[in-house]
1. Note down the net charge around PHE24, summing +1 for each Lys or Arg and -1 for each Asp or Glu among other residues with Cβ under 10 Å from its Cβ.
2. So if I place +1 on the C-beta of Lys and Arg and -1 on the C-beta of Asp and Glu, and nothing else carries charge, what would the dipole magnitude of the stretch 82-200 be about its Cα centre? I want it in debye, nearest 20.
3. Treating the angle as unsigned and between 0 and 90°, give the value, to the nearest 10°, between the Cα long axis of helix 147-171 and the longest Cα principal axis of the chain.
4. Add +1 for every Lys or Arg and -1 for every Asp or Glu among the other residues with Cβ under 14 Å from the Cβ of SER58, and state the total.
5. State log₁₀ I(q)/I(0) for the stretch 6-122 at q = 0.21 Å⁻¹ as given by the Debye formula over alpha-carbon point scatterers of equal weight, solvent excluded.
6. What angle do you read, to the nearest 10 degrees and between 0 and 90, between the alpha-carbon axis of helix 192-215 and the longest principal axis of the chain?
7. Taking Cα atoms, how many degrees apart are the long axis of helix 10-23 and the longest axis of the chain, rounded to 10 and kept between 0 and 90?
8. Under a straight-distance cross-link criterion of Cα-Cα below 17 Å, which aspartates and glutamates are reachable from LYS108, leaving out those fewer than 8 residues away in the same chain?
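The values are calculated or read from the model by the stated rules, or taken from the named source; none is laboratory data. Worth saying up front: this structure is predicted, and the values here are computed from it rather than measured. With ideal geometry, Cβ positions are generated from the backbone for all residues, glycine too; neighbour counts draw on all protein chains shown. Just so you know, the surface numbers come from the protein's heavy atoms only, side chains and all, with ligands and any DNA or RNA stripped out. Shrake-Rupley method; radii C 1.70, N 1.55, O 1.52, S 1.80 Å.
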Amino acid sequence: MNAEPKKITEHEVIYRRISDAILFGELVPGQAVTLHGLAEMIGSGVMPVRDTVRRLTSAGALRRLGNRRIEVPRLNASELEELSFARCSIEPKLVEMAVENNAKSLTKSLKDIDLELDQAIADGQVEGYLLHNFRFHFHLYEHANSSILLSMVEALWLRTGPSLRVVCGRYGTANLPDMHDETISAIRDGDAGRAAQAIRTDILQGMGQIKKSLQE
């Protein structure tokens, strides 16, 4: 007997909606909002938003301020270095695992996502860039079949995504190199080590741009 599809609860829908707002640029580092403001933004009641804020605060994606306000925290250099270390440790491993799980079948879908990403860059669409960059990475990582590592990476992206939004806003999308073509080529060849190295380089490029923005 097939198990019934798992229903997504209202709290999970709200968590995803606010997480997306953090990841894709609706909330930017240093922007203070209230629980009522968040609830109004996503069309929800305050109580489930409060639960989501508590969850995201524990993960470091939000920070409580005075007067019942919260914000997406700004990263400092030390935090950025730790996040870079963590991402470079976990994400290449997920790529290796995905390739070992026959990720060759993903090459076309990854290429399709990357074409949408390239179009967003050409059009100067910051939100589109952030969305499709996220889709590219997590479409690949999900095929590692590692729920533990994937949840860790999701938390890391919630910490770094908003700062990448600042980079895009400051420098535009035209100067955002990536290693996606190299990653797809390595996956097509079944070369797990080369694919992992391409993703590692991709991460370092992005984190380097964030570091540069912090220094200015």
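1. Working: positive: ARG165; negative: ASP20, GLU26, GLU127.
That sum, taken over residues with Cβ under 10 Å, equals -2.
2. With only Lys, Arg, Asp and Glu charged at Cβ, the dipole is about 200 debye.
3. Compared with the principal axis, the helix lies near 80 degrees.
4. Numbers: positive: ARG50, ARG54, ARG55, ARG63, ARG64, ARG159; negative: ASP51, GLU154.
That works out to +4.
5. Values, matching the q order: -1.14.
6. Tilt of helix 192-215: around 40 degrees.
7. Taking the Cα atoms of the chain, the angle to 10-23 is about 70 degrees.
8. GLU116, ASP118, GLU142, ASP181, GLU182, ASP189, ASP191
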